[in-house]
Every structure is written in C-alpha cells, then in structure tokens.
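Here's the structure we're looking at; comments come further down.
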Amino acid sequence: MPYAYDDQNIFAKILRGEIPNKTVMETEHTLAFEDIRPQAPNHVLVIPKGRYVCFDDFAANASDAEIVDFHRTAAAICAGLGIAPGDGGGGYRTISNAGEAGVQEVPHYHLHILGGRPLGRMLARAD
Ligand code: 5GP
C-alpha cells in the first residue's frame, strides 16, 4: 500500500513558509534547518521538498535528481560544520527514524545530522 502523506505535518508547514525555521542550506530539492530541540551542539535536519513520509518511501519513489541532491546537500552540511572526518573533523552521526518502532515524530522524511561532541554508542541496550 502506498504511503499516505499528511500535508498538515510540521515540516510541510515549514516548507510552505507557515512556520519559521533556521535554514542551514537550501537547494532545488532539499531544505536543511536547525532542530528546534538540539540534542548535540550540531543538530541539523535535512528534508526533501517532495512529499515523502520516510526513508524507504523516499528511496523507492523520489527521482534520481532528488536523491542525489539530498545526499550531496547533507554531506555539504557536514563539511560546512567542520565535522566531516575526511576534512579532519571530529565525526558525526546521521539518523533517520521511521514509523512506530523507529519513533518517528514528524511524518515527512528527514535525516538528523548530529555532531560537535562525542555521541556515545548508537543505541542504549533495552535489556
Ligand atoms: P523524529 O523523531 O521524527 O525523527 O524527529 C523530529 C525532529 O523534529 C525532532 O528532533 C524535533 O525536535 C524536531 N522538530 C519538531 N518540530 C519542529 C519544529 O517546528 N521546528 C524544528 N526546527 N524542528 C522541529
């Protein structure tokens, strides 16, 4: 079954300019802005401008141009923040939560870029 996209989600409102954001970078297909509740000194959200619910929806249904633009933009942000290891930066983590088990709060695909401090292990053990 195809994903049902909710036009009232908060990132759709940001894309329509109905809610302000602190833009980090904008391209033809992609917008990146600061997370409103940062969990690290660097916490940027990268979103496609298209109507995609989560990672697998984007990967399956976005155009090649959108997918390339999205990833090149995310990488350019890491470079711009000075956290990309290839440039001598201290490293970062990208996270994309999807659906219920992934505890996705906003149903518009987004990549979190977190950096600026040691981030610890990826997941806390549940047991
Ligand atoms: P998720 O849990 O869906 O992966 O993450 C959603 C993220 O969106 C959270 O980190 C949350 O802080 C952020 N967020 C929620 N509402 C807003 C908003 O209105 N503006 C911005 N900039 N970030 C938001």
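Residue count for segment 42-54 satisfying the condition of being in a strand (DSSP E or B) and either touching a helix residue (DSSP H, G or I) at 6+ places or on another chain (Cβ under 9 Å) or open to solvent by 80 Å² or more (accessible area, probe 1.4 Å) (or both): 6. The condition of being surrounded by 10 or more Cβ atoms within 10 Å (Cβ to Cβ), more than 13 Å from H43 (Cα to Cα) and more than 9 Å from the ligand (Cβ to nearest atom) holds for only one of G120, G86, G90, G102, that being G90. I'm checking my understanding of the structure. Among residues of segment 5-50 that are more than 12 Å from the ligand (Cβ to nearest atom) and without any contact (Cβ under 8 Å) to a residue 12 or more places away in the chain, which one is nearest to the chain's Cα centre (by Cα)? The extreme case among them is E26. Restricting A74, A124 to those that are among the small types (G, A, S) and at pLDDT 95 or above reduces the list to A74. Scanning segment 105-114 for residues that are crowded, with 17+ Cβ neighbours inside 10 Å and out of contact with any strand residue (DSSP E or B) (no Cβ under 9 Å at 6 or more places or on another chain) yields one hit, P107. The residues of segment 28-41 that are open to solvent by less than 30 Å² (accessible area, probe 1.4 Å) and either over 17 Å from H108 (Cβ atoms) or at pLDDT below 95 (or both) amount to a single one, A40.
If you scan segment 1-27, which residues turn out to be open to solvent by 80 Å² or more (accessible area, probe 1.4 Å), charged (D, E, K, R) and part of a loop (DSSP other than H, G, I, E, B)? Of everything in segment 1-27, those that are open to solvent by 80 Å² or more (accessible area, probe 1.4 Å), charged (D, E, K, R) and part of a loop (DSSP other than H, G, I, E, B) turn out to be R16, E18, K22.
The values are calculated or read from the model by the stated rules, or taken from the named source; none is laboratory data. These numbers come from a predicted model, not from an experiment. Please note: Cβ atoms are built from the backbone with ideal geometry, for glycine as well, and neighbour counts cover all protein chains shown. Ligands, DNA and RNA are stripped out before the accessible areas are found, and what is left, the full protein with its side chains, is counted by its heavy atoms. Shrake-Rupley method; radii C 1.70, N 1.55, O 1.52, S 1.80 Å.
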